[in-house]
1. Under the rule a/c < 1.5 gives rounded, and otherwise a/b versus b/c splits prolate from oblate, where does region 293-438 land using the Cα gyration tensor?
2. How much length is gained if the chain between residue 74 and residue 437 is pulled fully straight, taking 0.36 nm per residue apart and subtracting their Cα-Cα distance, in nm to one decimal?
3. Once you order the gyration tensor axes a ≥ b ≥ c over the Cα atoms, which shape class does region 160-204 get: rounded for a/c under 1.5, otherwise prolate or oblate by comparing a/b with b/c?
4. Within 10 Å, count the other beta carbons around each residue, average over each peptide in 290-300, 2-12, 171-181, and list them highest first.
5. Take the alpha-carbon centre of region 269-295, take the same for region 188-236, and report the distance between them in whole Å.
6. Run the quick spin-label model on residue 38 and residue 171: label points 7 Å from Cα toward the beta carbon, then report their separation in nm to one decimal.
7. Using 0.36 nm times the number of residues separating residue 319 and residue 372, minus their current alpha carbon distance, what extension gain do you get?
8. When a/c reaches 1.5 or more, the comparison of a/b and b/c decides; with that in mind, is region 322-364 rounded, prolate or oblate per its Cα gyration tensor?
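Only the coordinates and a few stated rules stand behind these numbers; no lab work does. The model shown is predicted, which means the values in this text are computed figures rather than measured ones. Don't worry about glycine lacking a Cβ; one is built from the backbone with ideal geometry, like all the others, and counts go over all protein chains shown.
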């Protein structure tokens, strides 16, 4: 395929613990070496991977992820392969999966699901993003490129051409796009692509982010997946529609129950609700994430579920049969998708194993309920900031075990540094509020 398409370079990509795409680019004459799993890199240079004395890491390309970037020159096209990370020192000296590889962590959770009789964990993600104008030097400004609102169209939605080009590039790369539209806030957009198995869905999220940023730049725009770049408007979420399958059968569907939700679905839902404080650090991993998780902007704050409204943490969309699914509404697009999906799968499987019982659904607007009403119905809140979320993660023994000690240790260390830097910083708002009063 490389020969036929005149590919000259291949990017071997992987994702670090913080969700950042990393890559090493090789000329096409090194492709066979990569396919033989003999490409190595210095793991000590990647944040949260390993120490200097254990730095040699192997890149194992996943051939299913081969794609040629459409925007590269015809004379020297660039392709990419997403890789799993292996380290030396396994059985008889053979490389073994690296415990700090987010993609490997998700694969490990999928293996556990398989051992429980589930053949597929399908994900339909909905990552949102903002478009800002770049200045003359190509640096992002805080000026939005439109004043559009939900489902608006040109001329109000000036991001329409950029969004359409993004869709065309994604389709060239094999994505099946279901919808593309302006979101609630000015400058905010959403492009929905077809659900897929968990690994493919997470690979697609990472590819999607890369394509959006690349094409936006060609339009003189800066795309950001920052959850809350602007005060006073809705933030960007990444709602995750999840379902478990046994062969061709959706394990969440049962036509004989009143809701047509199976016992498995309700137990999975109960696990999501119970572990949601713990996995929030992984689904909402930056300081800014918690500026989105506040009442009044459609983002969930309260640990509840419903089939009728969008204010709780979990919604059950009305589709049934093969499309029966559980929609977690708290994750945001700053999340490392592999860690986010692994943690939610771990939560749901724990609910199934322990046969947890989901609380009654909350079918009124949780935001309109008083604190006393919420307490009476047993509705608690998600962590209010990154530090609270990290504490909840460390206190969740199931998630700590399933994600693994290496990843948890390095993830939490990095995030505590981030929180400490934020906590000590003096912000413009504080100066505006206090300098003339005190």
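1. oblate
2. Full-extension gain reported as 124.4 nm.
3. oblate
4. Going from most to least packed, we get 290-300, 2-12, 171-181.
5. 19 Å
6. Result for the modelled spin labels: 4.2 nm.
7. 15.7 nm
8. oblate
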